Structure formats: C-alpha cells, structure tokens
Amino acid sequence: MTSSRAAASASVVPISRKLASGESASTLEPSPRTLREIRLLAMPQGGMDRLSFTTWDTIEVAGIGEDTFQLQGHYLIERRDPTSAVWSEASVEIFMREMSVTGFSEKFGQVHATVNTEDSGRISKGRVLQGTKYPGLVDSPKLCIMEGFMMFRLPDAQLTVFNTEPIRLQHHITHIPPIGQGGGTQGRVDIKLYVYPDGPHVATLREVKTHIGAWLPEHDG
C-alpha cells in the first residue's frame, strides 16, 4: 500500500517543484493516456480526450415548467498544442468534437443532449486562458472556458431544441486534461432554446453544473 501511494505521488509532479529541482520546464509534457501520467501545473502536448462527462442541467419549458436533472455520458475534446510549456504563461485552444449525455427529468421525461452538428457556422470551442486564477501565483489554477452549441432532445415532451447563443462553461483547472474537476455556467443564465432558428424560443436553459470524469476504456489518446 505504501509503495503504491508513493508511486502515485511520484507521478504527479507540480511544475513549481520541477523548477526548484532544476528540471527543465521548457518542453511540453507528453499527452497523458492514464491517470498516473497526469502532471499538476504542467502543459502537455496536444491530443484528443474522450472522457466521461456528467452534467446537472436546469431547463424551463414553456407550458410545462422548470426542472433540474442529471445527464451522464461522454465528450470528446481536441486540444491543440499549448502556446508555451510554462503553466502560468500558456494558453490552449480546445474544441468539443462530440458530446452525448442522457438522463431523465421528472417533468420532461427522457433527455438526450449532444453537440449541435447541424449548424456548421456554430462550433463548440474554447480556450484555457493565459495566466492563472490568482495573479502572481504561478502554482494556482487556470481558467478554462468552453462555449457550446447543443441540441437537446426531449422525446417524451415531443421537443427538440437548440441554442443560438453559446452556453459558456467555466472551469478552474490544475491539470490537463482536467479529470476529476468540474464547473459550469457559474450560476443562473438565460439561454434561449429554439425549435426553428427564426422562430420564438420555446424553452430556456437556466443553469449547467459539470463534472469531468476519466477516460473511457476505448479512448484513443
């Protein structure tokens, strides 16, 4: 037990300790493929991460009401190479290439949410921002922002809706990919959901909370 804990601890090397020990921080870490390969406060090479994903969505549907429900499934994130190998200086461009989460609402019945692939003009993408949460503290979290365009299918309510204004999700992260971390819309929002692009909105997204899980067994790194 002691040796396994030591091995796990040894695999998580904060960039600040690297600098203190004289190790080079001028090159990108390899893109992680297992939990033991994740490095705190370090920048890996670009890659693809198919991760388990859980959300708690609050939606209001006209004529039915508002409900909060849990959705579970996965998403696929493409990460470009960081602009720097230094945690506090780097930014990373990211794209949500897939998402599929399902669940059940007491008011709406079955719910299935996906990335909206029917509108090529709206791409779900974001960025891990340059700098850190606490200016001057290089060993503090970075802000990751994802702006998503989603499709919500509610077959029991005979409704399929989408957003035209991006759903802005924010996470403060200490490692990439941010497995075990979460975030969301940071409170209540007012994102209109439509059946037709030029029609009236029929539902409203009020809040999203998220949890990012580990790689799925079939992830291809």
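The values are calculated or read from the model by the stated rules, or taken from the named source; none is laboratory data. Computed from a prediction, not measured in an experiment: that's the story for all the values here. Glycine also receives a Cβ, built like all others from the backbone with ideal geometry; neighbour counts cover every protein chain displayed.
Kindly evaluate Arg33 against the criterion of being under 21 Å from Leu216 (Cβ atoms) and modelled with pLDDT of 95 or more. Full working, then the answer.
Numbers: under 21 Å from Leu216 (Cβ atoms): yes; modelled with pLDDT of 95 or more: no.
In short, no.
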Surrounded by fewer than 19 Cβ atoms within 10 Å (Cβ to Cβ), charged (D, E, K, R) and modelled with pLDDT of 95 or more - does that describe any residue in segment 101-112?
yes
Here are some residues: Glu78, Glu37. Which one is surrounded by fewer than 18 Cβ atoms within 10 Å (Cβ to Cβ), acidic (Asp, Glu) and touching a Gly at 6+ places or on another chain (Cβ under 8 Å)?
Glu78
Go through segment 187-218 and give me each residue that's touching a residue at least 60 places away in the same chain (Cβ under 8 Å), under 15 Å from Phe149 (Cα atoms) and β-branched (Val, Ile, Thr).
Thr204, Val208
For the structure I just gave you, tell me whether Arg122 is over 25 Å from Leu28 (Cβ atoms), of a type in the set (Lys, Arg) and surrounded by fewer than 16 Cβ atoms within 10 Å (Cβ to Cβ).
no
Can you pull out every residue in segment 150-199 that is acidic (Asp, Glu), assigned to a loop (DSSP other than H, G, I, E, B) and closer than 17 Å to Glu66 by Cα?
Asp190
In this structure, does Thr160 turn out to be buried (at least 17 other Cβ atoms within 10 Å of the Cβ), free of Cβ contacts under 8 Å to residues at least 40 places away in the same chain and within 18 Å of Asp57 (Cβ to Cβ)?
no
Got at least one residue in segment 64-75 being closer than 27 Å to Ser120 by Cα and part of a loop (DSSP other than H, G, I, E, B)?
no
Filter segment 99-149 for residues that are assigned to a loop (DSSP other than H, G, I, E, B) and either charged (D, E, K, R) or in contact (Cβ under 8 Å) with a residue 60 or more places away in the chain (or both); the one that is farthest from Thr210 (Cα to Cα) is Val138
